[in-house]
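Have a look at the structure below before the remarks.
The values are calculated or read from the model by the stated rules, or taken from the named source; none is laboratory data. Values in this document were obtained by computation on a predicted structure and should not be read as measured data. As a convention, Cβ positions derive from the backbone with ideal geometry for all residues, glycine included, and neighbour counts pool all protein chains shown. Each accessible area value is taken on the protein alone, full model and side chains, heavy atoms only, with ligands, DNA and RNA left out. Shrake-Rupley method; radii C 1.70, N 1.55, O 1.52, S 1.80 Å.
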Amino acid sequence: MAFEGLSSKLQEAFKKLKGKGKLTEKDVKDAMREVKLALLEADVNYKVVKDFINTVSERSVGQEVMESLTPAQHVIKIVNEELVTLMGKTESKLNVSSMPPTIIMFVGLQGAGKTTMTGKLALYLKKHNKKPLLVAADVYRPAAIKQLQVLGNQIDVPVFSLGDKVSPVDIAKAGVENAKKIGADYVIIDTAGRLHIDEQLMDELKNIKEAINPNDIMLVVDAMTGQDAVNVAEQFNASLDITGVILTKLDGDTRGGAALSIRAVTGKPIKFAGVGEKLSDLEVFHPDRMASRILGM
Amino acid sequence: SFSRPVDEELLEELEEALIMSDIGFQTTTDIINLLRKRIKEKKVSDAEEVKKLLKEIIIELLGNEVRNILPEKTLAVYMVVGVNGVGKTTSIGKMAAYLKNKGYKVMLAAGDTFRAAAIDQLEVWGNRSGIDVIKHQEGADPAAVIFDAIQSAKAKKIDVLICDTAGRLHNKKNLMEELRKINKIIERECPDAYKQTLLVLDATTGQNATIQAKQFMEVSDVNGIILTKLDGTAKGGIVIAINNELKIPVKMIGVGEGIEDLQEFDPTAFANALL
Ligand SMILES: Nc1nc2c(ncn2[C@@H]2O[C@H](COP(=O)(O)OP(=O)(O)OP(=O)(O)O)[C@@H](O)[C@H]2O)c(=O)[nH]1
Ligand SMILES: Nc1nc2c(ncn2[C@@H]2O[C@H](COP(=O)(O)OP(=O)(O)OP(=O)(O)O)[C@@H](O)[C@H]2O)c(=O)[nH]1
Ligand SMILES: [K+]
Ligand SMILES: [Mg+2]
Ligand SMILES: [Mg+2]
């Protein structure tokens with residue numbers, strides 16, 4: 001793997017520096033080069049990397065190196081702490097409505113994993129003795145409705161659809177009404193993938209939001225996303241004021257630096273992670289684990 | 001307008017632009033070093049000229065020719081592979097229309113028997129351009145679907161058979177082995193066919209795309225890349241690293257979800273969009 005060893009590279013950078021002492025500006029600069037490389041290789045956004053390096057450098061220069069750690073270990077410790085701070089320290093929960101049903105809307109780029117994730121979340125809720133309803137509001141992608149129906153069928157969760165000739169706003173509204181009628185306590189709305197720069201389709205999402213007032217608006221993001229993750233997240237957030245992020249395809253071998261970028265630019269928590277194609281492949285997101293993954297440690 | 005000087009600041013800006021386009025740190029460094037050398041050799045002192053030089057380097061790295069997926073002979077069998085959600089099925093729908101417009105007789109094989117409604121999705125695309133789709137049930141053996149499709153393509157004197165496959169992450173060993181098995185069947189059933197494996201990459205993907213390419217190369221002879229979703233703000237710079245390092249050329253690009261949103265790959269246009 002590209003940098004299985006940020007640790008070993010840092011050891012290398014500090015080879016000359018034996019024993020304990022203070023970290024000088026020069027030591028830190030050498031180390032930061034390696035950290036920067038590691039973060040860029042992990043797809044963390046360039047601007048986010050720069051800010052991050054500044055923060056870590058400031059904290060590191062002049063630090064007493066603790067007895068139990070080598071200078072390399074010490075810098076790694078600081079890097080890790082700052083990463084965890086940035087990622088958010090604790091797990092985040094769903095926003096639950098005081099008056100059921102709780103409405104959750106999924107948005108994101110094409111192919112990110114939204115539809116699959118609606119199925120996963122429905123199964124997760126079902127396992128927690130909730131009664132979810134899936135709503136098929138993607139009227140554009142070929143066979144999107146069928147896809148959701150197949151998934152709903154697999155987990156025995158009802159799927160509300162009005163076909164693909166009705167506007168997504170009307171489908172969403174009718175979906176929420178239907179949830180009330182059948183006594184579902186969660187409504188999960190699948191929307192079509194779209195580009196953050198597609199004004200018309202972004203307006204459609206705003207209109208859905210306006211119409212149904214969701215408790216959670218989840219931006220679903222592919223963990224393999226590169227530098228563009230910040231553009232996507234910034235614009236979805238600016239249009240919709242998202243409440244959370246879901247990272248998919250973490251079962252791959254990507255470092256997942258997008259997680260850090262998105263967190264840094266939106267400040268919104270990552271709530272869940274998709275770790276496979278099966279509907280049971282859902283995990284509650286652990287920010288601290290993500291920090292280690294990004295650094296390859 | 002007055003021109004800016006050629007200094008470190010300019011080079012840093014260009015470096016930043018390259019990294020932001022997902023080219024990757026190593027390839028970016030290589031490119032900037034080469035650029036420095038050429039600036040010196042050619043005694044360039046104008047910032048706009050530097051930009052031009054940089055574009056030239058990128059175009060060289062990509063191989064300066066417009067490329068496409070037209071078959072060299074028929075029967076041609078195209079396998080379309082890639083990780084989940086990159087745009088395989090959609091690209092096949094567009095490719096089919098593109099090839100049909102060029103006068104080829106095209107057939108599709110629904111080799112993704114796994115993803116919910118993947119077969120229906122491909123059928124919608126087949127219908128859009130009036131092209132037959134060979135399919136089995138959801139859950140069927142993909143190799144058997146491909147086998148049937150080849151027989152049918154031979155019988156109907158098809159020019160190009162395009163096979164959809166399920167999205168698979170390259171680190172899933174058994175799924176990658178499945179591709180190897182399908183390749184063997186194609187090799188056995190039509191040894192004289194013009195065979196192409198096209199890897200679909202999503203332009204929004206970062207550094208992981210290189211690993212994807214490497215792993216798919218292990219089980220298939222990957223002949224080309226289809227780079228999708230270039231209609232967004234992602235630049236897809238990683239293909240420069242892949243072309244450079246792994247010698248897999250980009251052949252087509254996806255620029256939207258419509259049937260006509262597929263274009264032949266033009267390195268010059270790509271470089272222009274990048275900077
Ligand atoms: N390996 C893996 N595959 C996933 C994961 N989540 C989704 N997928 C796959 O990614 C592909 C795209 O998933 P979809 O759920 O259709 O994505 P989408 O965002 O709804 O796509 P559009 O509606 O077209 O925008 C499918 O092949 C899914 O099986 C995951 O966590 N891991
Ligand atoms: N904007 C844009 N969207 C695209 C492009 N190509 C494909 N898509 C969209 O990306 C999503 C996923 O496309 P698919 O063709 O289903 O991808 P796939 O690789 O077959 O997915 P799996 O079979 O699930 O692995 C769909 O919503 C497509 O409409 C493109 O060039 N631009
Ligand atoms: K994607
Ligand atoms: Mg979907
Ligand atoms: Mg597909």
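Results, tabulated for the structure shown:
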| item | result |
| --- | --- |
| Pairs, first at the interface with another protein chain (Cβ under 8 Å from one of its Cβ atoms) in segment A:107-119, second among the hydroxyl-bearing types (Ser, Thr, Tyr) and more than 6 Å from ligand 1 (Cβ to nearest atom), C-beta under 7 Å, six or more apart | A:LEU109/B:THR204 |
| Test: residue in segment A:254-270 that is within 16 Å of ligand 2 (Cβ to nearest atom), over 17 Å from A:LEU94 (Cβ atoms) and outside any helix (DSSP H, G or I) | yes |
| A:VAL275, sole failed condition from (1) within 14 Å of chain B (Cβ to nearest Cβ); (2) among the hydrophobic types (A, V, I, L, M, F, W, C); (3) open to solvent by less than 10 Å² (accessible area, probe 1.4 Å) | (3) |
| Some residue of segment B:140-157 being of a type outside the set (A, V, I, L, M) and within 15 Å of ligand 2 (Cβ to nearest atom) | yes |
| Checking B:ALA17 against (1) more than 14 Å from chain A (Cβ to nearest Cβ); (2) within 25 Å of A:LEU37 (Cα to Cα); (3) hydrophobic (A, V, I, L, M, F, W, C); (4) surrounded by 17 or more Cβ atoms within 10 Å (Cβ to Cβ), the condition it does not meet | (1) |
| Count - residues of segment B:87-123 that are within 14 Å of chain A (Cβ to nearest Cβ) and hydrophobic (A, V, I, L, M, F, W, C) | 11 |
| Number of the exception - A:ASP198 against (1) touching a strand residue (DSSP E or B) at 6+ places or on another chain (Cβ under 7 Å); (2) within 13 Å of ligand 2 (Cβ to nearest atom); (3) open to solvent by 20 Å² or more (accessible area, probe 1.4 Å) | (1) |
| Answer from B:ASN174, B:ASN223 - the residue that is modelled with pLDDT of 95 or more, more than 16 Å from ligand 4 (Cβ to nearest atom) and over 28 Å from A:ARG141 (Cα atoms) | B:ASN223 |
| Members of segment B:49-100 that are charged (D, E, K, R) and in a helix (DSSP H, G or I) | B:GLU49, B:LYS51, B:LYS52, B:LYS55, B:GLU56, B:GLU60, B:LYS88, B:LYS94, B:LYS100 |
| Residue identified as in contact (Cβ under 8 Å) with a residue 40 or more places away in the chain and aliphatic (A, V, I, L, M) among A:ILE103, A:ILE78, A:ILE145 | A:ILE103 |
| Where A:VAL176 falls short, out of the listed (1) over 17 Å from A:ASP241 (Cα atoms); (2) within 14 Å of another protein chain (Cβ to nearest Cβ); (3) among the aliphatic types (A, V, I, L, M) | (2) |
| Residue ranges of strands (runs of 3 or more DSSP E) in segment A:175-248 with at least 2 members among the hydroxyl-bearing types (Ser, Thr, Tyr) and more than 14 Å from the chain's Cα centre (by Cα) | A:186-191 |
| Qualifying residues in segment A:193-207 (those that are in contact (Cβ under 8 Å) with a residue 60 or more places away in the chain and within 14 Å of another protein chain (Cβ to nearest Cβ)) - the one farthest from ligand 1 (Cβ to nearest atom) | A:HIS196 |
| Test: A:PRO132 is farther than 30 Å from B:ILE19 by Cβ, open to solvent by 10 Å² or more (accessible area, probe 1.4 Å), touching a residue at least 24 places away in the same chain (Cβ under 8 Å) and away from every other protein chain (no Cβ under 14 Å) | no |
| Breaking point among (1) within 23 Å of B:VAL219 (Cβ to Cβ); (2) away from ligand 3 (no atom under 16 Å from the Cβ); (3) open to solvent by 10 Å² or more (accessible area, probe 1.4 Å), for B:ASN84 | (2) |
| Residue list for segment A:46-93, restricted to those being among the acidic types (Asp, Glu) and out of contact with any helix residue (DSSP H, G or I) (no Cβ under 7 Å at 6 or more places or on another chain) | A:ASP51, A:GLU58, A:GLU64, A:GLU67, A:GLU81, A:GLU91 |
| Selected residue (criterion: surrounded by the most Cβ atoms within 10 Å (Cβ to Cβ)) from residues of segment B:91-106 that are touching a residue at least 60 places away in the same chain (Cβ under 8 Å) and of a type outside the set (Ser, Thr, Tyr) | B:ILE92 |
| Per-region count, segment B:197-235, residues closer than 16 Å to A:GLN227 by Cα and surrounded by fewer than 24 Cβ atoms within 10 Å (Cβ to Cβ) | 5 |
| Given (1) at pLDDT below 95; (2) away from chain A (no Cβ under 14 Å), number of the condition B:ILE146 does not satisfy | (1) |
| Segment A:30-43 - residue that is facing another protein chain (nearest Cβ under 9 Å), of a type in the set (A, V, I, L, M) and within 21 Å of the chain's Cα centre (by Cα) and, of those, surrounded by the most Cβ atoms within 10 Å (Cβ to Cβ) | A:ALA42 |
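Conditions (1) at positive phi; (2) open to solvent by 10 Å² or more (accessible area, probe 1.4 Å); (3) within 12 Å of chain B (Cβ to nearest Cβ); (4) polar (S, T, N, Q), marked per residue:
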site: A:ASP222; (1), (2), (3), (4): no, yes, yes, no
site: A:VAL230; (1), (2), (3), (4): no, yes, yes, no
site: A:PHE236; (1), (2), (3), (4): no, no, no, no
site: A:LEU250; (1), (2), (3), (4): no, yes, yes, no
site: A:PRO269; (1), (2), (3), (4): no, yes, no, no
